[in-house]
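All remarks here apply to the structure that follows.
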Amino acid sequence: MISYKEKLKHIRVFMFDVDGVFTDGQVYLMKDEIVRALHSKDGYAVQYAAKHDYLIFIVTGGHSQEVKERLLGLGVTEVHLGTHRKLTKYHELKEKYQFEDHEVLYMGDDIPDIPILNLVGVSTCPQDAAVDVKAIVDYQSPKEGGKACVRDVIEQTLRVQGKWMSDLAFEW
């Protein structure tokens, strides 16, 4: 059996859910708005991967335009909000960008993520993911959702590929 670290050598596409992955899953209901918090370490890692020309996709059932704008501003390739058929969107992106399943690392935390997790080269989840997700993934981050679990998997991938701490790390 190939270890997940071996599989990381082939990754050129990162795909993430938002709620429970980029966020801790909590939603703060304010008057006239919903507030979520994103971790700055995740943001740094996303920018860093984008500068290394990785394809980065967000596929979420959420509808936050603010989250979309923030992630696009970090260099995410495409953000798809209100996506309840995530596997359909995955296949659309695969056709459009011509990548193979084994080239994709996906991080999700709950039942709607399972069809993609079962398909990709490296399936990952935060430490506090649903038990059904944890049972099938290649790697469980020691970090919880919203607590730099995205950074964890991006950094590991780039380290394995010899791209972490390159000259680009210091061009901020």
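No value in this document is a laboratory result; all are computed from the given coordinates. Because the structure is a prediction, the values reported are computed rather than measured. A quick note on method: Cβ atoms are made from the backbone with ideal geometry, for glycine too, and the neighbour counts reach across all protein chains shown.
Here's the list of lysines a cross-link from LYS147 could span, going by alpha-carbon distance under 27 Å and ignoring same-chain residues fewer than 8 apart: LYS5, LYS7, LYS9, LYS31, LYS41, LYS51, LYS68, LYS86, LYS89, LYS134, LYS163. With bins 10 Å wide beginning at 0, the percent of Cα pairs of the chain falling in each bin runs 10, 42, 38, 9, 1, 0.
Give me the net charge for the shell around LEU72: Cβ to Cβ below 12 angstrom, other residues only, Lys and Arg +1, Asp and Glu -1.
Result for the neighbourhood of LEU72: -1.
Once C-alpha pairs closer than 8 Å and six or more residues apart are averaged by separation and normalised to the residue number of the range 4-165, the relative contact order reads 31 percent. Taking a ≥ b ≥ c as the square roots of the eigenvalues of the alpha-carbon gyration tensor, the range 39-136 is classed rounded because a/c is under 1.5. Here each label is just a point 7 Å from Cα along the line to Cβ, and for LEU119 and MET165 those points are 3.7 nm apart. Between GLU6 and LYS31, how high is the FRET efficiency from 1/(1 + (r/R0)^6) when r is the Cβ-Cβ distance and R₀ = 41 Å? Nearest 0.05. Calculated transfer efficiency: 0.25. In loop segments of the range 84-165 as defined by DSSP, the GluC sites (Glu not before Pro) with at most 13 further C-beta atoms inside 10 Å of their C-beta are GLU100.
Mean residue ellipticity, 222 nm, helices only, the chain: the sum of -39500 (n - 2.57) across DSSP H runs of n ≥ 4, divided by residue count and rounded to 500, is -9000 deg cm²/dmol.
Placing +1 on the Cβ of every Lys and Arg and -1 on the Cβ of every Asp and Glu, with nothing else charged, gives the range 1-149 a dipole about its Cα centre of roughly 320 debye. Report the net charge of residues surrounding TYR90, where surrounding means a beta-carbon distance below 14 angstrom and charges are Lys +1, Arg +1, Asp -1, Glu -1. It works out to a net charge of -3.
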